Every structure is written in structure tokens, then in C-alpha cells.
Amino acid sequence: METISSPDSVSSSGPVAKLAGRKRVLLLKPRGFCAGVVRAIDIVKIALETFGAPIYVRREIVHNRFVVNELAEKGAIFVHEIEEVPEGQRVIYSAHGVSPAVREASLARKLKVIDATCPLVTKVHVEAVKFAKQGYSLVLVGHRDHDEIEGTLGEAPEATQVVSNVAEVEALVVPDPDRVAYLTQTTLSLDEARDIIQALKQKYPNIVGPHTQDICYATENRQVAVRNVAPGADLVLVVGSTNSSNSNRLVEVSNNLGTKAYLIDNSKAIDPKWLEGVESVAVTAGASAPEVLVEDVIGYLLQNGYSSVEEVEIMPENVRFGLPPEIVQAIGGANGGAPVPVQ
């Protein structure tokens with residue numbers, strides 16, 4: 001592994017067993033940035049390089065304070081609402097998506113919009129519109145205070161109710177129990193979503209859902225990796241910010257398996273007491289956490305008694321998303337019509 005400076009670093013795959021008497025670090029793969037996050041960050045960087053500062057961004061482009069601060073230093077200005085963007089300026093929507101009301105507000109202010117919404121979130125928005133037009137009552141499974149839920153809810157607010165747990169399913173009331181559909185936030189816990197969807201199906205036997213699950217590939221892959229490795233570790237450290245939904249879900253997965261887990265921004269957040277009597281530490285990162293923070297945590301562990309780093313790859317991950325057409329066209333114009341490389 002090129003990023004880890006340990007002479008004893010090795011690579012393996014599959015479930016990991018505990019090995020007594022050996023202080024080691026289990027570095028999970030896949031971890032960290034997903035395709036939607038890479039795309040969103042690239043959009044901000046390319047916009048700054050192409051148009052120059054300032055570039056306004058509605059909400060955090062991704063839920064990671066380190067990333068947001070880094071982009072702010074380059075000239076990005078983060079605002080909470082569209083009304084904070086001066087008329088006629090350029091604004092980028094975050095990876096979590098926005099409601100139609102936000103798009104209308106942008107149009108009213110004559111803003112030049114670049115949409116960095118993750119394509120997998122856009123998929124959920126399209127599904128919400130489709131179900132609403134077909135006359136379904138829509139149940140949106142997720143966390144009410146999350147930016148993604150706010151945006152999806154805005155697609156059909158009159159027809160949509162949000163549920164966050166099984167108890168809220170029991171309290172649902174809909175006009176026609178035979179015309180109900182459900183969608184989910186892309187960053188939910190697989191177990192959490194399964195239980196809620198099961199409760200929905202019990203209450204509404206004729207409920208329909210998306211053709212493919214809404215929980216994104218990266219959220220699922222990182223949870224599966226934790227599920228495979230946590231039982232063979234004494235402790236799990238998840239690198240990610242507290243407002244990152246998928247990062248919090250990784251902590252929950254490990255704790256539910258009986259292996260204590262903590263969510264940390266970086267190595268400074270590690271309490272030395274956590275490592276007392278701990279021989280194996282598993283390290284992963286949420287989909288919006290950069291690899292530099294993972295390296296920081298690994299470096300701390302290597303300096304504090306852990307002599308080897310073993311990268312455990314559970315499954316390969318090679319997803320890439322193209323740039324949105326508005327930025328491709330803008331960059332093409334800035335380059336005199338030259339082809340624009342799309343990652």
C-alpha cells in the first residue's frame with residue numbers, strides 16, 4: 001500500500017479472525033470517498049479554476065468539515081440558503097440534492113447553477129416524482145434533518161411522509177392503503193432500512209418500492225466491510241464528520257455486532273484510553289472522508305504501539321460518474337470548444 005509507511009503492511013481479503021498477542025491495524029477497503037463525493041468535489045475545484053472565485057455553494061458540498069474548509073480556502077463560499085447568494089452569481093448545489101423550491105429560488109435570483117447532486121440521489125428524486133404522478137402516497141424512509149431528505153421531500157410534499165423508525169410506521173395514516181409506495185435515503189443502515197421496510201410491508205401488503213434499492217453502492221459496501229471485519233477486531237475507528245449519515249451508520253453496524261466503535265474527524269479525536277488492552281484496531285472511513293485523514297489516523301496508531309497494517313479488501317469498487325452537462329459546456333466554452341475530459 002503506497003499510502004501507509006509500515007514495513008509490515010500486508011493485504012488480504014475476506015473475514016478477519018482475532019490473533020492474540022499481536023497489535024495490528026486492519027485497514028478496510030473499500031473506504032472513504034465514493035464516486036458521488038469525488039464528482040462533487042471535482043465540480044467545485046473545476047468551477048473555481050474555470051470561472052475564478054468566488055463560487056457559492058449551497059450547504060456543505062459533502063458532509064466533511066476538512067473538505068469544506070479546504071475548498072473554502074480555494075475561494076468557495078458556503079451558504080445555507082439560496083437567498084444568501086448575490087443575484088446573478090454562480091452557485092453549486094451540494095451532492096445531497098435540492099428541492100424544486102430551491103431551483104425556483106435560484107431562477108428568481110438569476111443565478112448560474114451548477115448541479116453537483118449525486119446521480120444516485122437524483123434517481124430517488126425521479127422515483128418520487130413518478131410515484132406521486134401515479135397517485136401513490138409516498139413514504140420516505142430516512143432522517144428528517146438530513147439535506148438529502150429535505151430535497152427529496154420537496155419533490156412531492158403533499159403526497160410524502162417521512163418515517164425514521166418502525167414506531168413511526170405504526171402511526172402512518174394514508175388515504176388509500178392499497179396505493180402506497182416507499183423510497184429510502186441513500187445513506188441508511190442496511191439493517192435499519194430492512195426493518196422499516198418490513199414494517200411497511202406488513203402494514204401495507206400492496207406497497208411498492210423502487211426497482212433497485214435506493215441505498216447507494218458505497219454505503220452498502222462500507223457497511224458490508226465493517227460487518228466482515230469488526231468481529232475480528234477489538235475496536236473500530238470510523239473516520240468521518242458527525243453530520244455524515246453514512247459514517248454514523250458504520251459506527252452503528254460495528255456496535256450492533258458487539259465491537260466498540262467511535263466516529264472521529266482525525267487522530268486528535270482519539271482518546272488513548274480507547275486503546276488500552278486493544279490488540280487489533282479496524283479503521284475505515286465514511287464516503288465523504290478524504291484519505292489524508294485516514295493516513296493521519298494510521299500514523300497515530302503506528303506511533304502508539306501498533307506494528308503492522310493489514311489492508312482488508314472485502315470487494316472491489318470502481319464506480320465513476322461523469323460531470324454535469326452545465327459544467328462540461330461551460331468549461332468547453334472557456335477552452336474554446338476543446339474536448340473536456342470527464343472522469
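The values are calculated or read from the model by the stated rules, or taken from the named source; none is laboratory data. Being a predicted model, the structure only gives us computed values, none of them experimental. Using ideal geometry, Cβ is built from the backbone for each residue, glycine included, and neighbour counts are taken over all protein chains shown.
List the pairs whose first member sits in region 303-321 and is in contact (Cβ under 8 Å) with a residue 40 or more places away in the chain and buried (at least 19 other Cβ atoms within 10 Å of the Cβ), whose second member is among the hydroxyl-bearing types (Ser, Thr, Tyr) and assigned to a loop (DSSP other than H, G, I, E, B), and whose Cβ atoms are under 6 Å apart, counting only residues at least 6 apart or on separate chains?
Here the result reads VAL309/SER6; VAL309/SER9, each pair linking region 303-321 to a residue that is among the hydroxyl-bearing types (Ser, Thr, Tyr) and assigned to a loop (DSSP other than H, G, I, E, B).
Are there any strands (runs of 3 or more DSSP E) wholly within region 111-171 with 3 or more residues that are not assigned by TED's automatic domain parsing to the domain that holds ILE46, and if so which? Break it down stepwise before answering.
On the way: elements: 112-115, 137-141, 160-163.
Of the strands (runs of 3 or more DSSP E) lying wholly inside region 111-171, those with at least 3 residues that are not assigned by TED's automatic domain parsing to the domain that holds ILE46 span 137-141, 160-163.
Of all residues in region 57-81, count the ones that are at negative phi, surrounded by fewer than 20 Cβ atoms within 10 Å (Cβ to Cβ) and not in a helix (DSSP H, G or I).
Result for region 57-81: 6.
Which members of region 232-267 meet the condition of being surrounded by 19 or more Cβ atoms within 10 Å (Cβ to Cβ), small (Gly, Ala, Ser) and part of a loop (DSSP other than H, G, I, E, B)?
Within region 232-267, ALA233, GLY240, SER241, SER244 meet the criteria.
Being assigned to a helix (DSSP H, G or I) and among the β-branched types (Val, Ile, Thr) is the filter here; which residues of region 82-110 pass it?
ILE82, VAL102
Taking the stated definitions as given, is ALA105 without any contact (Cβ under 8 Å) to a residue 40 or more places away in the chain, crowded, with 17+ Cβ neighbours inside 10 Å and either of a type in the set (D, E, K, R) or touching a strand residue (DSSP E or B) at 6+ places or on another chain (Cβ under 9 Å) (or both)? Walk me through how you get there before you give the answer.
Values: without any contact (Cβ under 8 Å) to a residue 40 or more places away in the chain: yes; crowded, with 17+ Cβ neighbours inside 10 Å: yes; either of a type in the set (D, E, K, R) or touching a strand residue (DSSP E or B) at 6+ places or on another chain (Cβ under 9 Å) (or both): no.
No, not satisfied.
Could you tell me how many of the residues in region 32-55 are touching a residue at least 40 places away in the same chain (Cβ under 8 Å) and in a loop (DSSP other than H, G, I, E, B)?
3
Would you pick out the residues in region 268-296 that are in a helix (DSSP H, G or I), within 15 Å of LEU26 (Cβ to Cβ) and in contact with a strand residue (DSSP E or B) (Cβ under 6 Å, 6 or more places away or on another chain)?
Applying the first criterion (in a helix (DSSP H, G or I)) to region 268-296 yields 268-269, 272-275, 291-296.
This time we only want the ones that are within 15 Å of LEU26 (Cβ to Cβ), so: 275, 294.
Answer for region 268-296, where residues must be in a helix (DSSP H, G or I), within 15 Å of LEU26 (Cβ to Cβ) and in contact with a strand residue (DSSP E or B) (Cβ under 6 Å, 6 or more places away or on another chain): just VAL294.
Just to verify a result, which residue in region 171-227, among those that are over 15 Å from the mean Cα position of the chain (by Cα), acidic (Asp, Glu) and modelled with pLDDT of 95 or more, is nearest to LEU26 (Cα to Cα)?
ASP195
Conditions (1) under 24 Å from ILE46 (Cα atoms); (2) of a type in the set (Asp, Glu), marked per residue:
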site	(1), (2)
PRO100	no, no
GLU104	no, yes
VAL121	yes, no
ASP147	yes, yes
GLU150	no, yes
LEU153	no, no
VAL163	no, no
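Return the residue satisfying two criteria in turn: it lies in region 289-310 and is under 22 Å from the mean Cα position of the chain (by Cα) and not aliphatic (A, V, I, L, M), and of such residues it is nearest to VAL68 (Cα to Cα).
So the residue we want is PRO290.
Kindly indicate which of GLU252, GLU276 is in contact (Cβ under 8 Å) with a residue 12 or more places away in the chain and not hydrophobic (A, V, I, L, M, F, W, C). Can you show your working first?
Numbers: GLU276 fails: in contact (Cβ under 8 Å) with a residue 12 or more places away in the chain.
Sole residue among the options that is in contact (Cβ under 8 Å) with a residue 12 or more places away in the chain and not hydrophobic (A, V, I, L, M, F, W, C): GLU252.
Among the listed residues LEU263, LEU275, LEU257, identify the single one that is closer than 29 Å to THR117 by Cβ and either at pLDDT 95 or above or not assigned by TED's automatic domain parsing to the domain that holds ARG65 (or both). So that I can check it myself, show each step before the final result.
Details: LEU275 fails: closer than 29 Å to THR117 by Cβ; LEU257 fails: closer than 29 Å to THR117 by Cβ.
Step by step, each of LEU263, LEU275, LEU257 is checked, and only LEU263 is closer than 29 Å to THR117 by Cβ and either at pLDDT 95 or above or not assigned by TED's automatic domain parsing to the domain that holds ARG65 (or both).
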